[in-house]
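Okay, structure first, notes after.
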Amino acid sequence: MAENSSAGLSKAERDAVKQRAAELRAQEKAGKSRAAGEQAVREAIEAMPDDDRTLAEGIDRIVREVAPQLMPKTWYGFPAYTNGAGKVVVFFKAASKYDGRYATLGFEEAAQLDDGQMWTTSFALLALTPETERTIAEHIRRAAG
């Protein structure tokens, strides 16, 4: 089967689904505590190649600083952060996950970023600079409500 077959999921997508199922089993076993979520995020970040790890560590730091009320967890193998209802608000997708040319900082529907008839739900991310960190912090602050 071709990697990007329209007949079904690609191998990378099937692997992500399996990873999500494993995450759900692990969360059920460990409970939904902050410590368990922090450990899962730390392990996911540590497993990343250097460039992705640097970005993910920065995102994790920013979330902890500007939106400490968000709960860390993994989501399809990505570091993610949820609101009080358990809905993913923000996530980081490593470039290496699907052999992409950039990492993604994404916001799910639970994020409070609504701005008229159109707004940003994800950003391509190549590097953390003081400017990108300020922009990321503002979006995460708004997304967390």
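No value in this document is a laboratory result; all are computed from the given coordinates. This structure is a prediction, so every number in the text was calculated from the model and none was measured. Using ideal geometry, Cβ is built from the backbone for each residue, glycine included, and neighbour counts are taken over all protein chains shown.
Footprinting exposure proxy ranking of Tyr98, Tyr81, fewest other C-beta atoms within 10 angstrom first, gives Tyr98, Tyr81. Under the combined filter of DSSP loop state and at most 15 neighbouring Cβ atoms within 10 Å, the range 64-145 retains these GluC sites (Glu not before Pro): Glu109. On a per residue basis, the convex hull of the C-alpha atoms belonging to the chain measures out at 128 Å³.
What does the helix-only formula give at 222 nm for the chain: each DSSP H stretch with n ≥ 4 adding -39500 (n - 2.57), the total divided by the residues, and the result rounded to the nearest 500 deg cm²/dmol?
-14500 deg cm²/dmol
What is the gain in length, in nm to one decimal, between Gln112 and Gln39 on full extension, counting 0.36 nm per residue of separation less the C-alpha to C-alpha distance?
Working: separation 73, 0.36 × 73 = 26.28 nm, distance 2.63 nm.
Gain on stretching Gln112 to Gln39: 23.6 nm.
Which residues make up the longest stretch of the chain that has no trypsin sites (Lys or Arg not before Pro) in a DSSP loop with at most 13 other Cβ atoms within 10 Å?
It runs 33-86.
Fully extending the segment from Ala124 to Asp51, taken as 0.36 nm per residue of separation minus the present Cα-Cα distance, adds 24.9 nm. Measuring nothing but how far apart in sequence close Cα pairs (under 8 Å, 6+ apart) lie, relative to its length, the chain scores a relative contact order of 19 percent.
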